[in-house]
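Undergrad: Take this structure, written in structure tokens, and hold onto it; I'll ask about it next.
The values are calculated or read from the model by the stated rules, or taken from the named source; none is laboratory data. Only a predicted model underlies this, so the values are computations on that prediction, with no experimental measurement involved. As a convention, Cβ positions derive from the backbone with ideal geometry for all residues, glycine included, and neighbour counts pool all protein chains shown.
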Amino acid sequence: MNVVEVKNLTKRFLQGDAVIKAVDNVSLEISEGEFVAITGQSGSGKTTLLNLIGGIETATDGEIFIDGEEITSADSDELARLRRQKIGYVFQDFNLIPILTVRENIIMPLLLDSKKINNNRFNEIVGFLGLEDRLKHLPSQLSGGQKQRVAIARALINSPKILLADEPTGNLDRKMADEIMRLLIELNNHGVTILLVTHEERYADMCGRKIVMREGRAGE
């Protein structure tokens, strides 16, 4: 079953008088349970492609289906709902709310959706990511690796169909980056579908499949 399907996807924008195709007629399918890396040089369109799939940016042309639901014609409220319910997003710069504790950051998607907290699910995720003794801490009291673990926990709390990770190791040192990559591999081994943007070829080679972006076009 395809959890992501992209058909003839294009994203254009103006740069001065020039029209730039950040994503140029891309079509791809991602099956449930896959771990797919998106690689490419800076400016190749890999993050734009991820943002289109995640409903953060809107396409100029083409179609995107998430778990069978077409999202390119969705309005902002529908996209926000989709991101909360079907897509977990992990950002390079963590995007944690600084005045909230670790626990509050993790459960924020549930609160936004007026969902009851499943304590078993919460404890499972927190235990898996080794955050049990950090739940009352603020983000400023955490290391970079711990912040990224919290971001991953927040992305997983709603049991999304797919986890999108945009350079999640980019702001970490080598040791922490390797640790986060091992966690992602273990999550995938537990059945989580992951789409990872990375410029690190050694991390891309650890994934089950690699998509290479070149000037907005995708190849394998």
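Undergrad: Restricting attention to region 104-162, and to residues there that are among the basic types (Lys, Arg) and within 17 Å of the chain's Cα centre (by Cα), which single residue is nearest to residue 34 (Cα to Cα)?
TA: Restricting to residues being among the basic types (Lys, Arg) and within 17 Å of the chain's Cα centre (by Cα), the top hit is 161.
Undergrad: So, one more: Among the residues of region 68-91, what is the count of those that are among the β-branched types (Val, Ile, Thr) and modelled with pLDDT under 90?
TA: 0
Undergrad: Hey, another quick one. Would you please list the contacts, defined by Cβ atoms under 8 Å and residues six or more apart or on different chains, that run from a residue in region 82-102 that is within 13 Å of residue 153 (Cβ to Cβ) to a residue that is among the acidic types (Asp, Glu)?
TA: Hits for this filter: 89/166; 90/166.
Undergrad: Only one of these conditions is not met by residue 122: (1) assigned to a loop (DSSP other than H, G, I, E, B); (2) over 20 Å from residue 194 (Cβ atoms). Which number is it?
TA: The failed condition is (1).
Undergrad: Further question: Is it the case that residue 130 is among the small types (Gly, Ala, Ser), touching a strand residue (DSSP E or B) at 6+ places or on another chain (Cβ under 9 Å) and not in a helix (DSSP H, G or I)?
TA: no
Undergrad: Another question about this same structure. Take the residues in region 153-175 that are in contact with a strand residue (DSSP E or B) (Cβ under 9 Å, 6 or more places away or on another chain) and of a type in the set (A, V, I, L, M); name whichever of them is nearest to residue 97 (Cα to Cα).
TA: Checking each candidate, the answer is 155.
Undergrad: Another question, if that's okay. Only one of 216, 191 is modelled with pLDDT of 90 or more, among the small types (Gly, Ala, Ser), farther than 21 Å from residue 93 by Cα and crowded, with 20+ Cβ neighbours inside 10 Å; which?
TA: The unique qualifying residue is 216.
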